[in-house]
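First the structure, in the form of structure tokens, and then the observations on it.
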Amino acid sequence: MLESLDLELIRLQLNCKNKVDHLLSGMYRSVFKGRGLEFDEVRPYQSGDDVRSIDWNVTARSGQPYIKRYHEERECSIMFLVDVSASCDYASGEKSKRDLMTIFCAHMAFAALRNNDRTGLLLFSDTVESYTPPLKGKSGVMRILQDIMTFDSQSEKTHLAQALDFFAKLQHKRSIVFVLSDFQDEDYWEELSILAVHHELVVVCINDLREKELPASGLVKFKDMETGEEHLADLSEKRARNLFKEKQSEWFDSLQQKFTDNGLDHLMISSDDDILEKILAFFHERERRVADESGG
Amino acid sequence: MKLESPEMLYLLLLIPLYALLKYLLKAKGGLSHSEIRSIKLMPKTWRIKLMWLPSFLTLLAFMLFIFVLSKPAIKETEQRDYQTGIAIEMLVDISSSMDMNISYEGKKSTRMEVAKKVVEEFVAGDDNKLKGRKGDLIGIITFARYADTVCPLTLSHEALVYMAREMDINDQPNEDGTAYGDAAALAAARLSQYEELMDQEQGLLLTQSKEISSKVIILLTDGENNCGLHLPMEAASMAKEWNIRIYTISLGDASSSENIKTKEGNFKVSGQLSEAEWTLKKMAESTGGIFRKAHDYDSLQAVYTEIDRLEKSDLAIQKYSRFNPYYTPFLLAAFLLFISAALLENTYFRRVA
């Protein structure tokens, strides 16, 4: 188990590394810029210093020319809020939603690592299951990825609002926050909006192909992974399958619409999507928007 | 319908248990899905609506099995028209005098033919006055000089009638004569012997338990007893001893009964009985029977009809009821239900997951 886990991690790392190095890390920086300039110190003017940076107040007080020094705040924290409720273990194909989350986080974490950012993790179901504060370095990234992959959640249900609330109270420093969930929950919009004000929030909705469409088949008894509720469905009927498809796409559309309405950056990732492509597309879009916002 | 071991029906209590068990076991399995919100909205097809059917059929089959275990039995009532039988020996004169012609439906016919005809009608019925003696033991004895048993006491009247038709006048002169004393004695003996036999068999063969309630001899003759070992009155006393009634019929000419020939000439004595007839009358009266005279077909038939009416057999209806095991249809139905339940469960109602 441990060996295979190690192997998994290494494979994940190798898989991501190349793509991250070549495609993601540069864009990552431009998309998630630091807050800008941060006051560092005031020191005596030396020849060659830009006269524009002279701090006239200090100069007047001391009679000596002083300049203000700033440094750009480049170092960010990146937080992953990952849903580990039972529904996220669902897999119709090879990869469960949890796996998709792991892959997504791996890409982001390695990109962050390249840019010397800290990475932290919060796992939640209907309670906060585990919290890892932002750490620097590769070991931190590996630990996070391992946690996402293997964490055994105590509860099966989802309560997004509580996790968001917990995080908002904990982390005051502005950071980049990814909320990864399948959003099989309700009443979390307020918390999301609050979080979006204080942090750079990106919601990532992970879903499975089979959550959109059911294959033609016979009688199937479905069991809700979170509530344990059972329901028998006849998948041989096209009418029934179409209804399911309709209802689910309605649900996804309304979710997406709500993300947009609340001004949240969001990504919808399905099990048949190429995650890297999705991330790149998202980055491109966000880059354009950031450029628009900053007027250049 | 009766259950022979109704305590088996307590097994029916197992059925809810079985249903519960099945329900609990059913809870396992199923395809885990992250969210069944939309699945629950899917329309219920007939297949889903009828999902309970195979289980229901199985339960029904179980119930039937238990029902069969309780040994259902059906009441079978056998209603036997159980006539307390009458045994009748019919004595028919076949002496040469029976060759004389008498009127038969406007024509002339021999006494023999008329007698045969009436005997047959008496036994089998003539769709008119005579109803037939169905259920009675009847035998035929003919006599001339010697008495012959043409047919022993029997219930198979078809054979009896057939034999009655075969009767014919004795054409051997050395056997001619009229020995109704012998014939009556033989008949009385046969009747009493038959009864004895019946008594013996009663213990062994219950099916043949036909009680003989009355024994009757019907003697048809046209002359007087002129040979034989037993006198008519001797036979009559034997009959009386054995509780046998003798009905006697004298078949003669209509006029002969009124004309008595003597050496002195013909005397017309209306209604006077001849000597032979006196004997016959005495035989009948001493045994509790009746004596009648007949001179043609109609009068003979009238006599037999009278006897027929007098010897009414009591129709006792005896009801037997017993319980026969009756389970084949239930068992068959149970099997069919089982099979169809299994078939349905594995075909139409087969769950993919």
Next item on the list: May I ask for the percentage of alpha-carbon pairs in the protein assembly as shown that lie more than 32 Å from each other?
Entry: 70
Note to self: How shielded is A:232-240 by partner chains, expressed as the average number of their Cβ atoms within 10 Å of its Cβ atoms?
What the structure shows: 6
Checklist line | Phi-based couplings in Hz for the stretch B:277-287 (Karplus 6.51, -1.76, 1.60; Gly and Pro marked x) | finding: 5, 4, 4, 4, 4, 5, 4, 5, 5, 5, 9
Check: Per-residue HN-Hα couplings for the stretch A:214-222, Karplus 6.51 cos²θ - 1.76 cosθ + 1.60 at θ = phi - 60°, whole Hz, x for Gly and Pro?
Finding: 9, x, 5, 7, x, 6, 10, 9, 9
Check: With the calculation restricted to Cα positions, what are the radius of gyration and Dmax of the stretch A:93-141 in angstrom?
Finding: 12.2, 35
Notebook entry, point to check: Helix A:138-150: angle to the longest alpha-carbon principal axis of chain A, degrees 0 to 90, nearest 10?
Noted result: 20
Notebook entry, point to check: Between B:L273 and B:I339, what is the FRET efficiency for a Förster distance of 60 Å, r being their Cβ-Cβ separation, to the nearest 0.05?
Noted result: 0.10
Item checked: Average silhouette area of chain A, convex hull of alpha-carbon atoms, in square nanometres -> 19.4
Note to self: Under the rule of at least 5 residues apart or a separate chain, name every residue whose amide H is placed under 5 Å from the amide H of A:V42.
What the structure shows: A:R69
Next item on the list: For an R0 of 51 angstrom, estimate the FRET efficiency from the Cβ-Cβ distance between B:E285 and B:E76 and round to the nearest 0.05.
Entry: 0.55
Next item on the list: For the stretch A:82-188, take the alpha-carbon Rg, divide it by the Kirkwood Rh, and send me Rg/Rh.
Entry: 0.95
Check: Using the alpha-carbon centroid of each, what span in Å lies between the stretch A:55-121 and the stretch A:185-228?
Finding: 24
Next item on the list: Would you please state which residues of the stretch A:240-269 a label at B:W46 would reach in this model, taking the label point 7 Å out along Cα→Cβ and a backbone N cut-off of under 16 Å?
Entry: A:240
Checklist line | Bins of 10 Å from zero: percent of alpha-carbon pairs in the stretch A:219-284 | finding: 17, 31, 33, 18, 1
Next item on the list: Return the long-range amide H neighbours of A:L180 (sequence gap of 5 or more, or a different chain), with a cut-off of under 5 Å between placed amide H atoms.
Entry: A:L81, A:V82, A:D83, A:V204
Next item on the list: Please report the base-10 log of the normalised intensity I(q)/I(0) for chain B, using a Debye sum with one equal scatterer per alpha carbon and no solvent, at each q in 0.08 (1/Å).
Entry: -0.56
Margin query: For A:T132, what residues show an amide H to amide H distance below 5 Å, using hydrogens built from the backbone and excluding near sequence neighbours?
Written below: A:L121, A:L122, A:L123
Next item on the list: Within chain B, what's the longest run with no GluC sites (Glu not before Pro) in a DSSP loop and at most 15 other beta-carbon atoms within 10 Å? Give the range, please.
Entry: B:106-210
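Throughout, read-outs are computed from the coordinates displayed, never taken from laboratory work. Please read all numbers here as calculations on a predicted model, not as lab measurements. Cβ atoms come from the backbone with ideal geometry, glycine included; neighbour counts cover every protein chain shown.
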